[in-house]
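Notes follow the structure.
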2 protein chains.
Amino acid sequence: MPDSSPLPPPEAGGPGRAANRSLSVTDQIRDAILDGTVSAGERINEVRFSKTLEVSRTPVRAALQALAGEGLLDYAPNRGFTVREFPLSAIVDAYEIRASLEGVAARFAAERGLSAEERAIIEESLVAGDKLLARGEFAEGDLTIYRGINGDFHDTLLGAARNRMLAEMIRICHHVPMSSSRNIVAFEHRDVRRRHDDHHRIYDAIMAREPWRAEVLMREHVSGVKSSLVKSLIERGEQADIVNGSAAG
Amino acid sequence: MPDSSPLPPPEAGGPGRAANRSLSVTDQIRDAILDGTVSAGERINEVRFSKTLEVSRTPVRAALQALAGEGLLDYAPNRGFTVREFPLSAIVDAYEIRASLEGVAARFAAERGLSAEERAIIEESLVAGDKLLARGEFAEGDLTIYRGINGDFHDTLLGAARNRMLAEMIRICHHVPMSSSRNIVAFEHRDVRRRHDDHHRIYDAIMAREPWRAEVLMREHVSGVKSSLVKSLIERGEQADIVNGSAAG
DNA sequence: CCGCAGCAAAGTGAATACAATTCAATCCGA
DNA sequence: TCGGATTGAATTGTATTCACTTTGCTGCGG
């Protein structure tokens, strides 16, 4: 017993938001993975983490199992967990998968209809985006604001699909490094304008109760983000040969 | 210590196949959920399971977390795990999601190409299916055989997509009760014949390196299984009003 | 110098003990 | 009689300990 007091909560992770230590540790380890504190392919040492986070191995193991379920870690019996590697091809694939899934979500939303609250949020996101884009160029911090607007649009539509499994799968796609919807890969004003126009058209299709059109538009929308990513990577001279044939599509 | 001997492996679950107890327990609990031994919506008691399976709570908790990651269980902090309920609408949705995902898998396979081994397995499944269907009607046990043939075709194609995340998501869809590809919902000879013809066409599209065609065909193929399920449920007089508008697809 | 057997250290797996929370029944008080 | 606080049993969360597996090193033999 290293400590005399019964249980002084080690809430070191910041504002004590998580319900219990396992969840808190899960968030901390996930962040460490996503921001590269622990590098890809690296093997995770349970005792090391438990010492760093000042908890026992139990919540650490719980967190690792949860993160393995999210697809961020690999597990091998008697050998523990390793950080899964995401080659560029896997990242590009994740966009394709997400495009397909969000397309289905848009179709479901069009079939099932939106609640008044959902309509309000989406329309607000459309208006806010219009206003932000009206000036013709971005000021400092505008992109961060648009990230939020974009997230609101997609999250609300996803909720309107009323299917939990679908939501969880898309959430997993978002956790693939660089694949999050909060990462606006196109920083050009013209590209963001185009993406925002997509939002308008998707919303129109959903309100017109045209499921098939909503699906196709959403698919193309997300797929377009992928293409922008691939294009920008190529322009930056990064190894683009990893990307498979459909990259230009 | 309830036992004098150091560790007499409780391998009660059958042939000791799993690498460790957590994995073994995971399989046992999953089976219990899927075959209805524990009913949907039920709250899971950790100590009860640990006594039944004659292990400690530790591997039971590990198993529950893993199954929550698979989407079979819900977790609430300080309240434990409950068996997730799958209303008919969720099952139908799972077919739509799977159709979309397997469509992407077929496209990837067409883009990336098949290995010699994969071609061999698929061609064998096609030939075996042709032979089985040639007689014009099913004998006892034929459907079980076709279940295996069908599984080989889909699993091999999924492997050829060379994307782990995609494979895991489809696997999750399969774990939704009644949604497994091993469940041939159409028991009519004519319907199975039609499904098997789909397999031929999908394979042709992949070998012809026509990704888009492969995707559309696979999507329609899986979606057709959903329609058959819905139709048979309606004919059996089950409450079909739960199914949403796209049922007739 | 290379290879392999054996041993020691490190790490994971499982069980048990303990803390904290939830939940239900009960006991008051209005 | 109803509502709410209280208490205790049941259940989950965390820590610790022990058992087993893996792994890398060391030393012996070829």
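Laboratory data are not the source of any read-out in this text; all were calculated from the coordinates shown. Everything quoted here is computed from the prediction, not taken from an experiment. No Cβ is skipped: glycine too gets one built from the backbone with ideal geometry, and neighbour counts run over all protein chains shown.
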Exercise for review: Return, for the Cα atoms of the range B:28-183, the radius of gyration and Dmax in Å, separated by a comma.
Suggested key: 18.9, 58
Review point. Amide H to amide H under 5 Å from residue A:55: which residues, 5+ apart in sequence or cross-chain, H placed 1.01 Å off N in plane?
Key: none
**Study point:** DSSP-assigned coil residues among GluC sites (Glu not before Pro) in the range A:107-214, each with at most 15 further Cβ atoms within 10 Å
**Key:** A:137, A:140, A:188
**Study point:** Shortest-first nm distances, residue B:147 label point to equivalent points in other copies (7 Å, Cα→Cβ)
**Key:** 4.9
Review point. Which residues' amide hydrogens lie under 5 Å from the amide hydrogen of residue A:73, considering only partners 5 or more residues apart or on another chain, with H built in the peptide plane?
Key: A:68, A:84
Review point. With a 10 Å Cβ neighbour count serving as the proxy for reagent exposure, in which order, fewest first, do A:81, B:86, A:138 appear?
Key: A:138, B:86, A:81
Point to revise | Chain lengthening between residue A:116 and residue A:197 when straightened (0.36 nm per residue, less Cα-Cα) | key: 26.9 nm
Practice item. List the residue from chain A whose beta-carbon is nearest to the axis that rotates chain A onto chain B, together with that distance in whole Å. Key: A:69, 1
Review point. Any idea what the residue A:80 label distances to the other copies are, label 7 Å down the Cα→Cβ vector, nm, shortest first?
Key: 3.2
Check your understanding: Taking a label point 7 Å from Cα toward Cβ, how far is residue A:117 from its twins in the other copies, in nm, shortest first?
Key -> 5.2
Exercise for review: Output the Cα-based Rg and Dmax of the range B:21-83 in Å, rounding Rg to one decimal and Dmax to a whole number.
Suggested key: 10.3, 27
